[in-house]
Amino acid sequence: MTTLAVTDRGAIQSIDRAANVLALFDQHTLSLTPVLVSERLGLNRTTAHRYLQSLQSSGFLSASFGPGPLLDQLSALVSTRQQIITLAPEVMRRLSDRTGLTAVLSFQGRSGAVVTLVEEAGEGTIVLTVRIGTVLEIKAAQSRVLLAFQSDPSVIARVHSALAPAAARMEESELARVRREHVAWADLDRMGLASVAVPVFGSSDVQAAMGLLGTTAMLSPSDKPTERLALLQEAAEALSGMVAT
């Protein structure tokens, strides 16, 4: 077995053990001790204490070995997303009915915006849609919205690392425009198709992107602000208000 393989196996084992330590929390166990971890997981106390200290320094545990700030942050994120998933369908259905276009909502994933909810247009012989779970391209409208208002610069850097330097600079300029206008348009070179997106905010940070998908005859960035764009902004603001309360 190579040194690299041994190192990888050791790293995976450490992650597994850390996950097992965190899994000890329940309604009856609100803080951990080396003795408890040792007994529950079959580790010696020195190793158990080392894992607790490492998880504490990483933010997973507090000074008293209870749930730390990182777990609180992740819990809040999951709670907010679940709230959006519960509230958004009705808002999006109304938006789709009023605009005659497909409404889409996405969350930021590791490699880009991930389509989470879709409400298709209820009328027309041809319906434009996108599959739930699709990871959108960097220049998609919803990708641009989520990156433009992203509070963690490393997320933008990671996504833009796939672009050539000149293209990355152009995209950064586009994100600056999105921050000013709170509106993003796709630039995907799909003839006849257009999409626009706006942010959905929580108590402070951007939580999701809501967009409309249609033809260039119905949506176009070259047009003056349209009723459809106004309805999209109204819907996103309404959802933001529900989430923030």
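Coordinate-derived values only; no laboratory data. Please read all numbers here as calculations on a predicted model, not as lab measurements. Glycine gets a Cβ as well: all are built from the backbone with ideal geometry, and neighbour counts include every protein chain shown.
Where Rh is the Kirkwood radius over the Cα pairs of segment 167-245, the temperature 4 °C and the viscosity 1.567 mPa s, what D in µm²/s does Stokes-Einstein return? Reported coefficient: 96 µm²/s.
Set the Förster radius R0 to 22 Å, insert the Cβ-Cβ distance between ALA176 and ALA18 as r into 1/(1 + (r/R0)^6), and round the FRET efficiency to 0.05. With R0 = 22 Å, the Cβ-Cβ based efficiency is 0.05.
Taking every DSSP helix (H) stretch of at least 4 residues in the chain, weighting each as -39,500 (n - 2.57) and dividing the sum by the residue count yields a mean residue ellipticity at 222 nm of -16500 deg cm²/dmol. Just need log10 I(q)/I(0) for segment 74-244 at q = 0.11, 0.12, 0.14, 0.15 Å⁻¹, Debye formula, equal scatterers on the alpha-carbon atoms, no solvent, rounded to two decimals. So the normalised log intensities work out to -0.41, -0.49, -0.67, -0.78.
With labels modelled as points extended 7 Å from the Cα through the Cβ direction, what inter-label distance (nm, one decimal) is found for SER57 paired with SER111? Rounded to a tenth, the inter-label distance reads 3.2 nm. Straightening the chain between SER203 and THR216 buys 1.3 nm, computed as 0.36 nm per residue apart minus the Cα-Cα spacing.
Once you've got the GNM for the chain with C-alpha springs shorter than 10 Å, pick whichever of VAL91, VAL155, VAL21 has the biggest mean-square fluctuation. Its mean-square fluctuation being the largest, the pick is VAL21. Label separation (ILE85 vs LEU163): 3.0 nm, computed from points 7 Å beyond Cα along the C-beta direction. For a Förster distance of 51 Å, can you work out the FRET efficiency between the beta-carbons of MET191 and ASP26, rounded to the nearest 0.05? Between MET191 and ASP26 the formula returns 0.40. Which loop-located trypsin sites (Lys or Arg not before Pro) does segment 115-148 contain, where loop means any DSSP state but H, G, I, E or B and the Cβ has at most 15 other Cβ atoms within 10 Å? Counting only loop positions with at most 15 other Cβ atoms within 10 Å, the trypsin sites (Lys or Arg not before Pro) in segment 115-148 are ARG131. Computed from the C-beta positions of ARG131 and ALA238 and an R0 of 35 Å, the FRET efficiency is 0.85 to the nearest 0.05. Full extension of the chain between ARG40 and VAL78 gives 10.9 nm of extra length, using 0.36 nm per residue less the Cα-Cα distance.
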